[in-house]
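The values are calculated or read from the model by the stated rules, or taken from the named source; none is laboratory data. Just so it is clear, the structure is predicted and the values come from calculations on it, not from any experiment. Reconstructed Cβ throughout: ideal geometry from the backbone, glycine too, with neighbour counts over all protein chains shown.
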């Protein structure tokens, strides 16, 4: 036997010689570099990929059990056959450690959790168990070589440790540090035992073992690289799949379910509610005048408002139902209850929640919403019908003046389809130019002559007959048809007025909905340019309600109209809540007294007092004042005596086709009397 110092010297000398063999130093340097890189990668790898890598350690307890069984049998056979107490101690430790490792793996698979910290603890336990087991196998082999001359024992122990090391490099390659340390602990003692031998052939075998270790480490690293790429690709594919699935089911801005996901949920909830005899409510919510927020404050602010509304609605139905965004400023709620009463309570809660003041980028906003609701099974037993009926109820809520709640009623369906048919017919009428513009004269009471004609739209449907503007104009406003319709009317009116003699102006009503369109100025300029009509011969009539809203876009447009040189008049004056502040803010050319005051002039002293007050106000502001709705000679006589500057009504002339009004104006230009009414005015003048 060699002395301890001599053996140490041999280990150092032969170990150094082995590592300095040709190519060995380069291989070791490459391995060390890869190990450092693995350390960096392991700290930055995605949590899900790391969890998958750790899971590979426990994926097959069967292989652990087979290895533990083989280790126990071989070590026990050597220990019992040799009778050596040290070998018996190693055999017992190998058996107990193997059993513990198998038990831990089974426990992990039975109690696996998603928590990263629990996986980390399990990996540490596995790590130390694996290293302890590998070290025991290596020490068993070394002890066998040192304490026994039986070649069969040497072969059995070395085969056990080497086979274990080779298998570990593949099984645990996903955690390469663990695998490499296992490999080293299991095989390094064998190499040491061979290198300290006096037999040169064993030195050669020891050197071969060193190259085996280096080769297996390299294989482990290559396997790890392949496994990491595969798992990373799988993780990325899962991530993209989950993202696309979320994009397909959820609104990206608010995080709420979208229409498709909501309809799937609705079908499931509806079937369950009907089976249990419960009431299922669908509430369709639409934010009132949300477009004005986008147009005046910008879309980023509008988006933040929508997100705030989404959170508010989610908190309201929390635990009672779900919320989805159907696009734009529309949200749909789904909730269960025992009776219809809960629907009304929930709708009121929603409206209160929406109207709470909010601060967006330093701007204080208060948004209201309209709510339409339908209840199953009373209003439908399928999802599409419920949504359609809730939409119909919402339409009625908005038609009632917004910021209102409406529960579906059977009569709404007929009205809804009637309006949809009217909308379709109106689109066709606009496209085929089936509408007409009639003109009603406005007479100057000081001269008795027509000074202006108001353009009034008429629709004589080929099947339905004449349709009132009061019926189809709201449809045009609610469906976005008001813009092309108004453009057409403007073009017709400008073309007609350009042919009228005597500088007679034409007045065109501006829809409140149209005054939110910043392209309106371009539309007007285009009509003036095409017709050749001068701007001072086009008068725009703006209803008082628009001015009372103090809308930023409307304010901008009114100032643009004044810069162009258009005449402006206030229509239906006196019907708003307050009518004085904007008279100071803007410079109008004309005030039109609402028909309701003229109708009561003969029987109401209050109406007469208001007319006198308005006449005085107009005179002080240097504005003309027009009395609308003159239908009798008595009314005409009163407004003339009250010093109104102009009048309009059936008594002075009904709305007529352009060719008719043009003949009247041509006759007026020649000094001819057109009608008895005008003759009376001229005599009074």
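Values computed for the structure shown
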{"quantity": "Entirely in region 323-385, the strands (runs of 3 or more DSSP E) that have 2 or more residues that are loosely packed, with under 15 Cβ neighbours inside 10 Å", "calculated": "363-365"}
{"quantity": "Failed criterion for residue 645 (all others in (1) closer than 23 Å to residue 542 by Cβ; (2) in contact with a strand residue (DSSP E or B) (Cβ under 8 Å, 6 or more places away or on another chain); (3) without any contact (Cβ under 8 Å) to a residue 60 or more places away in the chain hold)", "calculated": "(3)"}
{"quantity": "Those residues of region 389-408 which are at pLDDT below 85 and either buried (at least 22 other Cβ atoms within 10 Å of the Cβ) or part of a loop (DSSP other than H, G, I, E, B) (or both), in sequence order", "calculated": "400, 401, 402, 403"}
{"quantity": "Residue check, residue 573 over 33 Å from the mean Cα position of the chain (by Cα) and within 26 Å of residue 479 (Cβ to Cβ)", "calculated": "no"}
{"quantity": "Listing of helices (runs of 4 or more DSSP H) fully contained in region 512-568 that carry 1 or more residues being more than 22 Å from residue 594 (Cα to Cα)", "calculated": "520-531, 552-564"}
{"quantity": "Residue within region 520-528 that is assigned by TED's automatic domain parsing to the domain that holds residue 619, modelled with pLDDT of 90 or more, touching a strand residue (DSSP E or B) at 6+ places or on another chain (Cβ under 8 Å) and farther than 26 Å from residue 291 by Cβ present", "calculated": "yes"}
{"quantity": "Single match in 309, 231, 253 (criterion: buried (at least 19 other Cβ atoms within 10 Å of the Cβ) and under 17 Å from the mean Cα position of the chain (by Cα))", "calculated": "309"}
{"quantity": "Subset of region 467-484 (residues that are in contact with a strand residue (DSSP E or B) (Cβ under 8 Å, 6 or more places away or on another chain) and more than 13 Å from residue 514 (Cβ to Cβ))", "calculated": "467, 469, 472"}
{"quantity": "Tally of residues being closer than 14 Å to residue 324 by Cβ and either part of a strand (DSSP E or B) or without any contact (Cβ under 8 Å) to a residue 60 or more places away in the chain (or both) across region 254-280", "calculated": "5"}
{"quantity": "So residue 450, is it in contact (Cβ under 8 Å) with a residue 40 or more places away in the chain and either part of a helix (DSSP H, G or I) or not assigned by TED's automatic domain parsing to the domain that holds residue 288 (or both)", "calculated": "yes"}
{"quantity": "Test: residue in region 580-594 that is crowded, with 17+ Cβ neighbours inside 10 Å, in the same structural domain as residue 639 (by TED's automatic domain parsing) and modelled with pLDDT under 80", "calculated": "yes"}
{"quantity": "Looking only at region 452-476, and only at residues there that are modelled with pLDDT under 95 and out of contact with any helix residue (DSSP H, G or I) (no Cβ under 8 Å at 6 or more places or on another chain), the one that is surrounded by the most Cβ atoms within 10 Å (Cβ to Cβ)", "calculated": "469"}
{"quantity": "Residues being assigned to a helix (DSSP H, G or I) and surrounded by 19 or more Cβ atoms within 10 Å (Cβ to Cβ) - total across region 652-661", "calculated": "2"}
{"quantity": "Exclusive hit being in contact (Cβ under 8 Å) with a residue 40 or more places away in the chain and under 19 Å from residue 97 (Cβ atoms), set 179, 166, 174", "calculated": "179"}
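The rows are residues; the columns are (1) out of contact with any helix residue (DSSP H, G or I) (no Cβ under 8 Å at 6 or more places or on another chain); (2) buried (at least 20 other Cβ atoms within 10 Å of the Cβ); (3) under 22 Å from residue 503 (Cβ atoms).
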site: 534; (1), (2), (3): no, no, yes
site: 542; (1), (2), (3): no, yes, no
site: 545; (1), (2), (3): yes, no, no
site: 552; (1), (2), (3): no, no, no
site: 557; (1), (2), (3): no, yes, no
site: 561; (1), (2), (3): no, yes, yes
site: 565; (1), (2), (3): no, no, yes
site: 568; (1), (2), (3): no, no, yes
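Here is a yes/no grid of residues against (1) in contact with a helix residue (DSSP H, G or I) (Cβ under 9 Å, 6 or more places away or on another chain); (2) under 18 Å from residue 139 (Cα atoms):
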residue: 161; (1), (2): yes, yes
residue: 165; (1), (2): yes, yes
residue: 175; (1), (2): yes, no
residue: 179; (1), (2): yes, yes
residue: 182; (1), (2): yes, yes
residue: 188; (1), (2): yes, yes
residue: 191; (1), (2): yes, yes
residue: 194; (1), (2): yes, yes
residue: 200; (1), (2): no, no
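So that you can scan it fast, the table gives a plain yes or no per residue for (1) at pLDDT 90 or above; (2) over 27 Å from residue 502 (Cα atoms); (3) in contact with a helix residue (DSSP H, G or I) (Cβ under 8 Å, 6 or more places away or on another chain); (4) not assigned by TED's automatic domain parsing to the domain that holds residue 501:
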{"site": "638", "(1), (2), (3), (4)": "yes, yes, yes, no"}
{"site": "649", "(1), (2), (3), (4)": "yes, no, yes, no"}
{"site": "652", "(1), (2), (3), (4)": "yes, no, yes, no"}
{"site": "666", "(1), (2), (3), (4)": "yes, no, no, no"}
{"site": "672", "(1), (2), (3), (4)": "no, no, no, no"}
{"site": "680", "(1), (2), (3), (4)": "no, no, yes, no"}
